[in-house]
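Working notes for the structure below.
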Amino acid sequence: MKIIIVNYRYFISGGPERYLFNIKDLLERNGHTVIPFSIKSQHNQPTEYEKFFLSPIGKGKEVYFNEYNKRDIRTVGKAFSRMFYSFEAKKKLDALIKETKPDLIYVLHYQNKLSVSIFDAAVRNKVPVIHRISDFGQICANGLFYRFNKKDICERCLHGSKVNAIVNKCVFNSYIYSAVKVASLQLQKTLRLTKKVNAFVVPSKFTITKLHAYGFPAGKTFHIPTFFNFRSARNDLSISYEPFALYIGRVEEEKGIMTLIKAFESSPYNLKIIGASSSGFDKVLKDYLADKDHNIEFLGLMSFEEIQSYLSRCSFTVMPAEWYDNFPNSILESFAFKKCVIASDTGSLKEIVSNNETGLLFPIRDVTLLKTRINELFSDQAKCIDLGEKAYRRLNTEFSEDSHYSKLLTLFESVVSKKNK
């Protein structure tokens, strides 16, 4: 099968892109041809199809929105147009389709960078589309179901008007940015996106419930959990359980890092934090710790190859999310190194982390119980090892590469066969 895979980045900046390259590798190992469609960037992996990629929004070196030059009119204009409808994206994808004649288009992330115009290119060329949804970007203006001004989970745009997003300045704490994003989501709804997509792949059952509540057709949504690519794991590492806990991910407010830090401060336990902030929240955390006793280290952004040396040695990892985190790759990566996870009992996390089986759960923002969970594991290494072994076994059954490929290929073949009838 020949498949165009669409994602707004063709380099690894986090978990979503790790899935991109993992699924590309998995499909190619099984004899499929995978053709990338993305945006030109200085960070991109090399590909012969780059000539079909869109021009960068800025200079091609930026990763996050805050890195763009907001004083450059051309950059600002292109950024806003990509949120709505990009004729360049439609034209470039149309050309790629005509050149490669794919059986299917598999869309990952496109919002804010490629625009909904890519779906019109697919429809024009009568190529079926499967869209993988791993966030709430179709429903919520900031994609998080989280209000930064109130520091709480919010579903007002799911059950009511998206004017709520403007009132609460949900995007970059700005009325203007929030209004623009709301308008772009309204355009997607007007253009009937769900009619143009043949099927939606969703890693989390929890996310599916929210999509259905918003009106996504149940017959088009398919639960296919993501997987860990063991080919990406280093073979020079041995598993040990050293006396430190590990957090891996974005260092942002909604990820619950402040709750995590409060649970570790003034304790003898060591916490290592791997990740970066695009909002400056890491400075807020460091300022908070400035005059306090602690054993907390900020290690910054790392490649997965570097991260593995810490995963192989930590006692356990922590995922204290205070939003509806969508099936984070870092949990599966913990399982791959036989490490259990302490997680907040919100969103999809309790689908992956089973209490007292593959880890421990605690109520969202509950510093006291999180401290108890941390102490429970640090004081009982045998329990750490036992939970980690069970997590590893679960990874190799429910979240295995073979299971993911089998379910995904079945869906691919079903969609393609219907198109050919």
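Considering 112, 142, 125, the condition of being assigned by TED's automatic domain parsing to the domain that holds residue 85 and closer than 22 Å to residue 328 by Cα is satisfied by 112 alone. Among the residues of the range 90-112, those that are in contact (Cβ under 8 Å) with a residue 60 or more places away in the chain and either of a type in the set (Lys, Arg) or in a strand (DSSP E or B) (or both) comprise 101, 104, 105, 106, 107. Being in contact with a strand residue (DSSP E or B) (Cβ under 7 Å, 6 or more places away or on another chain) and either modelled with pLDDT of 90 or more or assigned to a loop (DSSP other than H, G, I, E, B) (or both) holds for only one residue in 136, 119, and it is 119.
Cβ separations smaller than 6 Å between residues 6+ apart or across chains give the following pairs from the range 251-277 residues that are in the same structural domain as residue 308 (by TED's automatic domain parsing) and at pLDDT below 95 to residues that are buried (at least 18 other Cβ atoms within 10 Å of the Cβ) and basic (Lys, Arg): 275/250. The residues of the range 13-39 that are assigned to a loop (DSSP other than H, G, I, E, B) and surrounded by 16 or more Cβ atoms within 10 Å (Cβ to Cβ), listed by number, are 14, 32, 38.
Being modelled with pLDDT under 95 and of a type in the set (A, V, I, L, M) holds for only one residue in 73, 35, and it is 73. If you go through the range 213-243 and keep only what is farther than 19 Å from residue 338 by Cβ, surrounded by 14 or more Cβ atoms within 10 Å (Cβ to Cβ) and aliphatic (A, V, I, L, M), you end up with just 224. Here residue 321 fulfils each of the conditions (1) part of a helix (DSSP H, G or I); (2) among the small types (Gly, Ala, Ser); (3) closer than 30 Å to residue 143 by Cα apart from (1). Here 325, 287 are screened, and the one residue that is surrounded by fewer than 23 Cβ atoms within 10 Å (Cβ to Cβ), closer than 30 Å to residue 173 by Cβ and either under 23 Å from the mean Cα position of the chain (by Cα) or free of Cβ contacts under 8 Å to residues at least 24 places away in the same chain (or both) is 287. Residues that are part of a helix (DSSP H, G or I) and among the hydrophobic types (A, V, I, L, M, F, W, C) within the range 49-89 comprise 52, 65, 73, 76, 79, 80, 83, 84, 87, 89, listed in sequence order. Restricted to the range 101-156, and to residues there that are under 21 Å from residue 190 (Cα atoms) and in contact with a Cys (Cβ under 7 Å, 6 or more places away or on another chain), the residue that is surrounded by the fewest Cβ atoms within 10 Å (Cβ to Cβ) is 139.
When 389, 357 are checked against the criterion of being over 23 Å from the mean Cα position of the chain (by Cα), more than 21 Å from residue 267 (Cβ to Cβ), in a loop (DSSP other than H, G, I, E, B) and touching a residue at least 24 places away in the same chain (Cβ under 8 Å), 357 stands alone in meeting it. Hey, among the residues in the range 221-238 that are at pLDDT 95 or above and outside any loop (DSSP other than H, G, I, E, B), which one's farthest from residue 396 (Cα to Cα)? Ranking the qualifying residues of the range 221-238, first place goes to 221.
Any idea which residue in the range 344-357 is surrounded by the most Cβ atoms within 10 Å (Cβ to Cβ), counting only those that are closer than 19 Å to residue 228 by Cα and touching a Ser or Thr at 6+ places or on another chain (Cβ under 9 Å)? Selected residue: 352. Taking helices (runs of 4 or more DSSP H) as the structural unit, those lying wholly within the range 160-219 and holding at least 2 residues that are over 23 Å from residue 119 (Cβ atoms) and among the aromatic types (Phe, Trp, Tyr) correspond to 175-190. For first residues located in the range 147-162 and under 19 Å from residue 215 (Cβ atoms), partners that are of a type in the set (A, V, I, L, M) and crowded, with 16+ Cβ neighbours inside 10 Å and lie 6+ apart or on another chain with Cβ distances below 7 Å form the pairs 157/139; 157/141; 157/165; 158/139; 162/141; 162/182; 162/185.
The values are calculated or read from the model by the stated rules, or taken from the named source; none is laboratory data. The structure presented is a predicted model; accordingly, all values stated were derived computationally and were not measured. Heads up, the Cβs are rebuilt from the backbone with ideal geometry, glycines too, and the neighbour counts pull from every protein chain shown.
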